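A.B. asks: Below are the structure tokens for one structure; questions will follow.
Just so it is clear, none of the values below were taken in a lab; they were calculated from the coordinates. Model, not experiment: these values are computed from the prediction. Please note: Cβ atoms are built from the backbone with ideal geometry, for glycine as well, and neighbour counts cover all protein chains shown.
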């Protein structure tokens, strides 16, 4: 089966200009078929980019990309509830649901399920598919064995399975903004300090080890997930789409390496080497895929 | 939902073992919650939880005293292992539990279809924090009560009560996780065991306390130092979201997520009852019988006093909180966020 590359939503608070430039390069140069756009982490950030969004979408679509609108991960406030409800009414685009509140609105309509919805097993998958879900990006912590069972179930009922193959793993969500907290502020009074860390705010342990990364209410892995040397496994178990999560690095270069690996132009070892040659600021990890500590990097079995 | 004023809220108490269950029943619990000895519940710790025989005995004992038994089947079965969760639900039904506490959509669907006559509560692990999310679970799976995430203010709970067609249960006392339950993979990132799939947070087998030459105690989870304590200081259990870390904006290591404090909403009891809360939950299935007895008895008194129009006595509860420090968490004000 053909494997397609996708680009997940930008998790961090980049300026509108940075986002516009980023997507222009993606449109022109990145071999990805699908691009997920929209603010997933913080409803306060949305207004900065909302104005630019139609133009960015048009640019991506002119370049032949399919654009999917991603919904907020956390929905508590009135404005967050309204944003979620409004997104479902988007007439021209598919949407990806990232909070249970979105499931309420999306029932009976075609929609996608994002990685921040807990789809851990085939029963949940079938239930949601019966309500209109057509495509599932699975939680980052699911091991290969579970993904294989889900992919088989998805094939039986004709829905898509997508797995994150690159970028920081989302590890936790909170109602509290840890970016604001680091600066002695509260979420309502944050002054958007998260913009200072376009690749997330690093947390080191008392021993000085790179450990976690803060992005507002989200906690991410310090390491970048990479399954670039597991593409054959993904294909064999029936995964159809591979998601790259945006980081503040050469994402076009990352996409090119994955595309070459998927197309067979380079082998797993060379792909891994080329990825590392992009001078990544974080170590690579694939532990979740192997059912061990997510931060570990398990060597490929020759 | 229209609510009669001053209804009597249910006190829902932890039962990590048969002995703790009997203790909670004696101390005045209206309901107890418990789980089987496997990954189907979110306190899958060695030495905790119930065998099927113990569960049968516990249910008989609780029911004889007029106490309800709520079975937690509130983790997320990974694909291929769903059978274990199905068995837990079936066994609970056979043994006569009063309600299931559920989080996974697949498991909730199974319980609703196969055992429609048994009440279904939505676990905090389902992370339903808006009227829409809650109504989704009510309409799809006949959920009768939602256990709210510990992230809402009293005002938000009051507004929610008017918008949802089910009962509300809130945590009122105990360990206070900072991440939204059911949406945290921190433990798995470090240990390879998943809170959602295996029911463990900071598993004891991965915890170490190292005393340095200076007498300081470093607490570790897996390979990582989570916190460090001066000689004589009480070393807290290493949980990632309660650890100290370095960040660029901070000169010194700090509690990046929260100070190691324990949740105590006793001072807000009158407001919470007025807001429409139907049940108060005490955390702590991993706690000793003495702790369960003291906390349950104190809350029994506090709730009864509040209903009689008085203010709850709080001093004895403060002494039971971790390290003697307590918080009202998110409940008092949005500034917590």
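A.B. asks: Counting alpha carbon pairs within less than 8 Å and at least 6 residues apart, what relative contact order, in whole percent, applies to the stretch B:192-255?
C.D. replies: Result for the stretch B:192-255 is 21 percent.
A.B. asks: Starting from the Cα coordinates of the protein assembly as shown, work out the convex hull volume and express it per residue in Å³.
C.D. replies: 149 Å³
A.B. asks: Hey, if you drop one equal point scatterer on each alpha-carbon of the stretch B:192-255 and run the Debye formula without solvent, what base-10 log of I(q)/I(0) do you get at q = 0.17, 0.26, 0.30 Å⁻¹?
C.D. replies: Normalising to I(0) and taking log10 leaves -0.64, -1.12, -1.27.
A.B. asks: Run through every distinct alpha carbon pair of chain B and return the Kirkwood hydrodynamic radius in angstroms, one decimal place.
C.D. replies: Result for chain B stands at 20.6 Å.
A.B. asks: To check you understand DSSP bridge types, tell me what percent of the beta bridges within the protein assembly as shown (both residues inside) are antiparallel, rounded to 5.
C.D. replies: That works out to approximately 35 percent antiparallel.
A.B. asks: I'd like the mean, over residues of A:8-15, of how many other protein chain beta carbons sit within 10 Å of each residue's own Cβ.
C.D. replies: 0
A.B. asks: Take peptide B:246-252, look around each residue's Cβ out to 10 angstrom, count Cβ atoms belonging to other protein chains, and average those counts.
C.D. replies: Partner-chain Cβ atoms within 10 Å, mean over residues of B:246-252: 6.
A.B. asks: Sum -39500 (n - 2.57) across every DSSP H segment of at least 4 residues in chain A, then divide by the residue count to get the 222 nm mean residue ellipticity, nearest 500.
C.D. replies: It comes out at -10000 deg cm²/dmol, rounded to the nearest 500.
A.B. asks: Normalised by the number of residues in the stretch A:1-105, what is the relative contact order in percent for Cα pairs under 8 Å and 6+ residues apart?
C.D. replies: 26 percent
A.B. asks: Moving on. Evaluate the relative contact order of chain B (contact order divided by residue number), counting alpha-carbon pairs under 8 angstrom at least 6 apart; express in whole percent.
C.D. replies: 20 percent
A.B. asks: Using a 10 Å cut-off around each Cβ of peptide A:65-73, what is the average number of partner chain Cβ atoms that fall inside?
C.D. replies: Other-chain Cβ atoms within 10 Å of each residue's Cβ, averaged: 0.
A.B. asks: Fewest first, what order do B:288, B:202 take by the number of other Cβ atoms within 10 Å?
C.D. replies: Listing B:288, B:202 from fewest to most nearby Cβ atoms yields B:288, B:202.
A.B. asks: For residue A:276, project a label point 7 Å along Cα to C-beta. Then give me every residue of the stretch A:193-210 with its amide nitrogen under 19 Å of that point.
C.D. replies: Within reach of a label on residue A:276, which here means backbone N under 19 Å from a point 7 Å along Cα→Cβ, the stretch A:193-210 contributes A:210.
A.B. asks: Based on the alpha-carbon gyration tensor of chain A and its eigenvalue square roots a ≥ b ≥ c, which shape applies: rounded if a/c is under 1.5, prolate if not and a/b is larger than b/c, or oblate?
C.D. replies: Because its axes are fairly even, with a/c under 1.5, chain A counts as rounded.
A.B. asks: How do A:290, B:63, A:111, A:105 line up, fewest other C-beta atoms within 10 Å first?
C.D. replies: B:63, A:290, A:105, A:111
A.B. asks: Another one. At 222 nm, what value in deg cm²/dmol follows for chain B if DSSP H runs of at least 4 each add -39500 (n - 2.57) and the sum is divided by all its residues, to the nearest 500?
C.D. replies: -9500 deg cm²/dmol
A.B. asks: If you don't mind, another one. DSSP beta bridges in chain B, what fraction antiparallel, as a percent rounded to 5?
C.D. replies: 35 percent
A.B. asks: Which number do you get for Rg(Cα) / (2.2 N^0.38 Å) in the stretch A:54-192?
C.D. replies: Normalised by 2.2 N^0.38 Å, the Cα Rg of the stretch A:54-192 equals 1.16.
A.B. asks: Then there's this: If each of residue A:55 and residue A:155 carries a label point 7 Å out from its Cα toward its Cβ, how far apart are those two points in nm?
C.D. replies: Here the modelled spin labels are 4.5 nm apart.
A.B. asks: Let me make sure I get this right: for the stretch B:233-293, a, b and c are the square roots of the gyration tensor eigenvalues over alpha carbons, sorted descending. Under 1.5 in a/c it's rounded, otherwise prolate if a/b > b/c, else oblate. Which is it?
C.D. replies: In terms of gyration-tensor shape, oblate.
A.B. asks: If each residue's Cβ is checked for other Cβ atoms within 10 Å, how do B:216, A:194 rank with the fewest at the top?
C.D. replies: The order, fewest Cβ neighbours first, is B:216, A:194.
A.B. asks: While we're on this one: Given R₀ = 41 Å, what would the calculated FRET efficiency be for residue B:230 paired with residue A:79, taking r from the Cβ atoms and rounding to 0.05?
C.D. replies: The computed FRET efficiency comes out at 0.35.
A.B. asks: Here is a further query. Using a simple spin-label model with points 7 Å from Cα along the Cα→Cβ vector, what separation in nm is obtained for residue A:191 and residue B:63?
C.D. replies: Calculated label separation equals 6.2 nm.
A.B. asks: Estimate the FRET efficiency between residue A:297 and residue B:51 by the formula 1/(1 + (r/R0)^6), using the beta-carbon distance for r and 56 Å for R0, to the nearest 0.05.
C.D. replies: 0.90
A.B. asks: Follow-up question, since we're still on this one. Give me log10 I(q)/I(0) at q = 0.17, 0.22 Å⁻¹ for the stretch A:125-222, Debye formula, one equal scatterer per alpha-carbon, no solvent.
C.D. replies: -0.83, -1.03
A.B. asks: Let me ask you something else. Can you compute the radius of gyration and Dmax for the stretch A:168-302, using only the Cα atoms, both in Å?
C.D. replies: When restricted to Cα atoms, the stretch A:168-302 yields Rg and Dmax of 16.7, 53 Å.
A.B. asks: Is the stretch A:166-210 rounded, prolate or oblate when judged by the Cα gyration tensor, a ≥ b ≥ c being the square roots of its eigenvalues, rounded requiring a/c under 1.5 and prolate requiring a/b larger than b/c?
C.D. replies: prolate
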